1. Quick one: pull the percent of accessible area on the chain belonging to carbon and sulfur, 1.4 Å probe, ligands and nucleic acids left out.
2. How big is segment 242-365 by the Kirkwood estimate over distinct Cα pairs, in Å?
3. Rule-of-thumb check for the chain: C-alpha Rg over 2.2 N^0.38 Å?
4. Note down the magnitude of the dipole of segment 250-366 about its Cα centre, charges +1 on Lys and Arg C-beta and -1 on Asp and Glu C-beta and zero elsewhere, to the nearest 20 debye.
5. Give me the percent of Cα-Cα pairs in segment 137-208 that sit more than 19 Å apart, rounded to a whole number.
6. What does the charge add up to near Ala299, with Lys and Arg as +1, Asp and Glu as -1, over the other residues with Cβ less than 11 Å from its Cβ?
7. Among 276-282, 26-32, how do they line up from the highest to the lowest mean number of other beta-carbon atoms within 10 Å?
8. Pick out, from Thr217, His104, Ile19, the residue whose Cα sits farthest towards the positive end of the charge dipole of the chain, with +1 on the Cβ of Lys and Arg and -1 on the Cβ of Asp and Glu.
Amino acid sequence: MTNLLLDLPPLSAARFASIEDRVARLLGTGQDVVITQGEALLPLEGAIRATAGPGTTALNVITGPYGQTFGDWLRDCGATVVDLAVPFHTAVTAAQVRDAFAEHPEIDFVSLVHAEAATGNTNPVAAIGEVVREHGALFYLDAVASVGAEPVLPDAWGVDLCVIGAQKAMGGPAGVSAVSVSERAWARMAANPNAPRRSYLSLLDWKERWIDGGRRTLLHAPAQLEMLALEACVERIEAEGLETVMRRHASAAAATRAGAVALGGGVTPYVRDAGDAAPVATTLRGPSGTTASELVARALAADPGVPLAAGGGELAREMVRVNHYGAEATRGAVRRCLTALGAALADAGVSVDLAGALAAAERAWG
Ligand SMILES: *Cc1c(COP(=O)(O)O)cnc(C)c1O
């Protein structure tokens, strides 16, 4: 019996380059796109270590758990970090970023998470990008949870380092990721004596040995399974149409939000303003007196495959995550989530209107 996962021929440099080009098209970018063979934390960390150092003053926007991690890396690199934290139930505004620059004109690096799958909010990157550009700072963006769910336009928004992963709205593999790099960002790395070199974290290695050499020789054996899966998932998005994929995510978010409110019993959207809610995933608060992780456990007992999770860490008590992304960005998945959540609430003695919730979800799908 043959196994499709085994005995694959090596992936050629030409194929690798063509997958990079395809990802670049998905992002509508003319910048260099480097595919990184690891989960998205690899380019997220690599890009910070390459561009930040003791001379850097970084504005680190914290709208969820990843911002905290970026701040830790930045400090570890010796950068001076100005943290701008907003409550996880909201989004940061361009005005808040403008105020931070006014207070600290020396800021020359801005790190931002676009959409937060972990907290369900999304930030206005286009408007923030304008402010960052006015001040000439380098703009680093984690678009792992937004790509495929809402527009991600590094060139139009002036993003210098845009990191994506395939495992959320793209419906692809988690073991491979990519970063688009502007000329300015490459120059910053080249001038940084502490940028990783001859290292798995190094983006400069890829610049010098892959891109500058005309993308003819790979640095090491490519991870074929992940590369082929990435290619397949981009192909599938192209076939469905990126706009259609994004619309499915927006509909799933709107339907989940409306359905959860209509369930009643004290369920509320975690992100207060619908305009701040991410299309990739919807976060909810359970009724007072309930614990989110317990509700999720009950819901999963009712329907084991349903894409519900409790928030991470501290948030496990108060946040239910509806991960309606990728293949789960469908009416059916939203209905199953609402049904399982309704069953969990009923189980916990909370009276809910499941029929009303499903009807509201259907209307909001649009
Ligand atoms: C999912 C996600 C990542 C990738 O990290 P995981 O720990 O693999 O989930 C990075 N950034 C954001 C904003 C994400 O939502």
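1. 54
2. Numbers: mean 1/r = 0.0723 Å⁻¹.
It is 13.8 Å.
3. 1.02
4. Working: 10 positive and 10 negative charges, 33 e Å.
Here the size comes out at about 160 debye.
5. Numbers: 1030 of 2556 pairs.
Tail fraction, whole percent: 40.
6. Value of the local net charge: -1.
7. Descending mean neighbour count gives 276-282, 26-32.
8. Farthest along the dipole direction, towards plus: Ile19.
The values are calculated or read from the model by the stated rules, or taken from the named source; none is laboratory data. The model shown is predicted, which means the values in this text are computed figures rather than measured ones. Methodologically, a virtual Cβ is constructed for each residue, glycine included, from the backbone with ideal geometry; neighbour enumeration extends over all protein chains shown. Ligands, DNA and RNA are excluded from the accessible area calculation, which covers all protein heavy atoms including side chains. Shrake-Rupley method; radii C 1.70, N 1.55, O 1.52, S 1.80 Å.
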